[in-house]
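Coordinate-derived values only; no laboratory data. Not measured: the values here are computed from a predicted model. Please note: Cβ atoms are built from the backbone with ideal geometry, for glycine as well, and neighbour counts cover all protein chains shown.
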Amino acid sequence: MSITVAGRKMPVTDALRQYAEEKIGNSMKVMDIDPLVAEVVLYVEKNPANPRPACCEVTLRTKGHIIRVEECEEDMYAAIDVAAAKVVRQLRKYKTKVIDRKLRAVDETIRTEPVPTKDLDQLMEELAADEEVVRVKEIEFEPLTEEEALVKIDLLGHDFFAYTDRDTSMVNVLYRRDDGGYGLLKQREEA
């Protein structure tokens, strides 16, 4: 993952460069797509009638696809923030399309395979074995925002995702609802 920050007819300060690399980089890290190359171009439009002169263009290149985002705001930092949020949405769309295509291909191969028949005794043994813990997995709860957790649950394809809220340091569980959308279980703060 590499990020290039440049200015069009304007100098880019170190603080502005670092801010753009951090914001766009965090957006790219959440999606974990490799290889991913980002080019960020910052410029200010000279038209005094324009209420949002500061612009940020982000171009992402990955495996034959190009994702482009352009956003203009009142100041450059706000333009970078909005562009970073749009980058996450565009990458989520891209990743969803790729995952859907792979799942569709797997689903078609499953449909073509014949369903094996099982005897009743073997089925009863399998049902009895379902009542015990068969796997224990230890994970680290990384501090995330709700938006980052939504991206992670989409990428993992799981029905739920547990994480530590970055602001409150409390454990939250995000889950996919049967009727569509997501639910969020928050740990109650003790008074």
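The table that follows gives values for the structure above.
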quantity: Single unsatisfied condition, SER2 versus (1) surrounded by 13 or more Cβ atoms within 10 Å (Cβ to Cβ); (2) closer than 28 Å to ASP154 by Cα; (3) in contact with a strand residue (DSSP E or B) (Cβ under 8 Å, 6 or more places away or on another chain); calculated: (1)
quantity: Residues of segment 176-191 satisfying the condition of being exposed (fewer than 15 other Cβ atoms within 10 Å of the Cβ) and either among the charged types (D, E, K, R) or within 26 Å of VAL98 (Cα to Cα) (or both); calculated: ARG177, ASP178, ASP179, GLY180, GLY181, GLY183, LYS186, ARG188, GLU189, GLU190
quantity: Criterion violated by ILE153 - all others in (1) under 21 Å from LYS137 (Cα atoms); (2) touching a residue at least 60 places away in the same chain (Cβ under 8 Å) satisfied; calculated: (2)
